[in-house]
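The values are calculated or read from the model by the stated rules, or taken from the named source; none is laboratory data. Given the structure is predicted, the values throughout are model-derived calculations rather than measurements. Here Cβ is always computed from backbone atoms with ideal geometry, including for glycine, and neighbour counts include all displayed protein chains.
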Amino acid sequence: MSARDNILARIRSGLGLPGTAAGAERAQIADYIARNPRGPRPSFDATDLVARFCERSVKLGSTVERVASLAEVPQAVARYLKASALPVTGVVWPALQALSWQEAGLSFQAREANGLDLVGVTGAFCAIAETGTLMLLSAADTPATVSLLPETHIAVLDAARIVAGMEEAWALMTSEREGLPRAVNFVSGPSRTADIEQTIVIGAHGPYRVHVVCHG
C-alpha cells in the first residue's frame, strides 16, 4: 500500500467506511457528481475561445504566438528563443520528442528537467479560456519538472484543446482518463509572489517567463 492509499484508508476508517470504495459506492459518488448543480459562474464572451485565452494569457505576463500546424512549432520556438537571447538547448517532454527540433537549430533532450536546465518545452492537456490558464497532467512521457524547474517554460498548445472554464477542463479530463494522474498542474503565467513586503517577485517558485505556441 502506498503512503497515499494508507492516508486515505485511515480517513475512511475514521468515517466508519471500509478501506477502499466498492463498486456500489463509486457508482453513488459518480451519480451525485453528475446530478450536483454547478455553482454560479462569471459570464464572458465565449464565441472565440482561442482569442480569449490568448488575451488573458498576455495579461498574466505570458507571451503567445499562433502557428497554423504542429509541424511549425519547432521553428516558432527557435524564433522566440533567438529573439529573446535565450539558450537554444534544454529539455522537452518525451511526448514531443518526435518534432523536428534539431532541424530548427535546437538541441533538446527528452527527459525530466534538473536544476541546470534553463529551457523546458511541454505540451498541455488543455487550456482554460476564462483565465488564460494551462492544464498539465504528469506522466512518464509528460514529466512535471519540465514546466517547473527551468527559468523559461514554453508550452505547445493545440487550439482545439481550449475550453471555456475550469469546469469544462475537469470534465474533459474525467471523460478521457480513467483516474487522476500523480499531479495536475495549472500554469497561469510566470511564477510570482508578493510575500516579501508586498513586492511582486517574478520567478520566485518557478519559471521567470512562460511562452505559449498555439497551433491549429
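What the table shows:
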item: Long-range neighbours under 7 Å by Cβ, at least six apart or interchain, first residue surrounded by 11 or more Cβ atoms within 10 Å (Cβ to Cβ) within the stretch 12-32, second among the hydrophobic types (A, V, I, L, M, F, W, C); result: G19/A9
item: Odd one out for L149 among (1) surrounded by fewer than 24 Cβ atoms within 10 Å (Cβ to Cβ); (2) in contact with a Ser or Thr (Cβ under 8 Å, 6 or more places away or on another chain); result: (2)
item: Given (1) assigned to a loop (DSSP other than H, G, I, E, B); (2) in contact with a His (Cβ under 8 Å, 6 or more places away or on another chain), index of the condition P181 fails; result: (2)
item: Any chance A127 is surrounded by fewer than 17 Cβ atoms within 10 Å (Cβ to Cβ), modelled with pLDDT of 95 or more and of a type outside the set (F, W, Y); result: no
item: Test set (1) small (G, A, S); (2) at pLDDT below 95; (3) surrounded by 17 or more Cβ atoms within 10 Å (Cβ to Cβ) - G90 fails condition number; result: (2)
item: Strands (runs of 3 or more DSSP E) enclosed by the stretch 94-177 - at least 1 residues per element that are out of contact with any Cys (no Cβ under 6 Å at 6 or more places or on another chain), free of Cβ contacts under 8 Å to residues at least 40 places away in the same chain and within 18 Å of V210 (Cα to Cα); result: 107-110, 119-122
item: Some residue of the stretch 36-43 being under 16 Å from E130 (Cα atoms) and small (G, A, S); result: yes
